[in-house]
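Just below is one structure, and these are the notes that go with it.
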Amino acid sequence: MARFSRRITATDADIDELGHVNNAVWVRWIQEIAVAHWEAVAPPEHLAAHVWVVTRHEIDYRGNVRAGETVTGETWVPAPPKGARFDRHVRFTGDDGKVKVEAVTTWALLDRSTGRLLRVRPDIAAPFLIR
């Protein structure tokens, strides 16, 4: 499984004073889909031993979503990691087929018990990479 997707419906709590999903909510959704991808494909021993942290977000907002509207979020890792880090791509598309938000986020792998950076081994990266 290289790509991962899930559907998200905006609630009233996700909406800002402009009547659409707040930028901070998009960031939360980016993190939630990334974590869900990790939890869906990583073996239990990797989940127990490692944790990922975001080191960078680059987000392009291309459209608005209002309460009750649903988007499909899709995430993938297009290239092998560089040391302890890799870039993850995320795209949210509305039911109208239009891209609402696109992002590239950089994640770093930490040892869960020590909090230290770890080089991403091939066996950890393999389930995420586009084949």
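Odds and ends about this structure:
- Within the range 101-117, the set of residues being in contact (Cβ under 8 Å) with a residue 24 or more places away in the chain and open to solvent by 70 Å² or more (accessible area, probe 1.4 Å) comprises ARG112, SER113, LEU117.
- None of TRP29, TRP38, TRP52, TRP76 is closer than 25 Å to LEU129 by Cβ and in contact with a His (Cβ under 7 Å, 6 or more places away or on another chain) except TRP76.
- All of (1) open to solvent by 70 Å² or more (accessible area, probe 1.4 Å); (2) closer than 30 Å to ASP123 by Cβ; (3) among the basic types (Lys, Arg) hold for LYS98 with one exception: (2).
- Residues that are in contact with a Pro (Cβ under 7 Å, 6 or more places away or on another chain) and more than 18 Å from ARG56 (Cα to Cα) within the range 97-131 comprise ALA125, LEU129, ILE130, listed in sequence order.
- Residue check for HIS89: at pLDDT 95 or above, open to solvent by less than 80 Å² (accessible area, probe 1.4 Å), assigned to a strand (DSSP E or B) and touching a Pro at 6+ places or on another chain (Cβ under 7 Å): yes
- Taking each residue of the range 54-81 that is without any contact (Cβ under 8 Å) to a residue 40 or more places away in the chain and looking for partners that are open to solvent by 60 Å² or more (accessible area, probe 1.4 Å) and aromatic (Phe, Trp, Tyr) with beta-carbon atoms closer than 6 Å, six or more apart or interchain, yields nothing.
- Residue ID - least open to solvent (accessible area, probe 1.4 Å), chosen from residues in the range 118-131 that are more than 14 Å from HIS37 (Cβ to Cβ) and in contact with a strand residue (DSSP E or B) (Cβ under 6 Å, 6 or more places away or on another chain): VAL120
The values are calculated or read from the model by the stated rules, or taken from the named source; none is laboratory data. Computed from a prediction, not measured in an experiment: that's the story for all the values here. Here the Cβ is made from the backbone with ideal geometry for all residues, glycine too, and neighbour counts use every protein chain on show. All accessible areas refer to the heavy atoms of the entire protein, side chains included, with ligands and DNA or RNA removed. Shrake-Rupley method; radii C 1.70, N 1.55, O 1.52, S 1.80 Å.
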